[in-house]
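The values are calculated or read from the model by the stated rules, or taken from the named source; none is laboratory data. Model, not experiment: these values are computed from the prediction. Don't worry about glycine lacking a Cβ; one is built from the backbone with ideal geometry, like all the others, and counts go over all protein chains shown. The area values use the complete protein model at the heavy-atom level, side chains included, leaving out ligands, DNA and RNA. Shrake-Rupley method; radii C 1.70, N 1.55, O 1.52, S 1.80 Å.
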Amino acid sequence: QIRKCDTLSRFDHRTFALLMPHSSKAEVQLLCNRLELLFEEICNEVDCLQLKLTIGLADYVSGSNESGADFIAKASASLQNAVDSDTSSL
C-alpha cells in the first residue's frame, strides 16, 4: 500500500516509522486511513490476534530551520498524543 519512494522501518521495539517524501498532508491522511482499514481487516480475520494501531503524523518542511532531532521530537509527541487520546476513550 505504500509507494516505492516511501520508507517503512522499525523505530523502536513497538513503533514503526513511515517516511513519505513529496506527499501532502491530505495524501498521507488517505494512506493512513487505508492502512487502518487493512489493519482492521487482518485483525478481524484472526480471532486471537490482539494488536492496536495508533498513528501520529508529523510533517517536515524542506528548507526550514527544523533539525532532524526536532522532527523526531515532533513525530514522537504526535504519536504520544494519539496514544493518550486512544487511552482516554477507553
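Of all residues in region 14-33, those satisfying the criterion of being open to solvent by 100 Å² or more (accessible area, probe 1.4 Å) and closer than 19 Å to D86 by Cβ are R14, F16. Among the residues making up region 53-83, those that are more than 18 Å from C32 (Cβ to Cβ) and open to solvent by 70 Å² or more (accessible area, probe 1.4 Å) are V61, S62, G63, N65, A69, D70, I72. With respect to being of a type outside the set (G, A, S), at negative phi, part of a helix (DSSP H, G or I) and in contact (Cβ under 8 Å) with a residue 60 or more places away in the chain, L37 falls outside the description. Among the conditions (1) out of contact with any helix residue (DSSP H, G or I) (no Cβ under 9 Å at 6 or more places or on another chain); (2) surrounded by 10 or more Cβ atoms within 10 Å (Cβ to Cβ); (3) outside any loop (DSSP other than H, G, I, E, B), C5 misses just one, which is (3). Scanning region 33-90 for residues that are within 17 Å of S23 (Cβ to Cβ) and either at pLDDT below 85 or touching a strand residue (DSSP E or B) at 6+ places or on another chain (Cβ under 8 Å) (or both) gives V61, S62, G63, A75.
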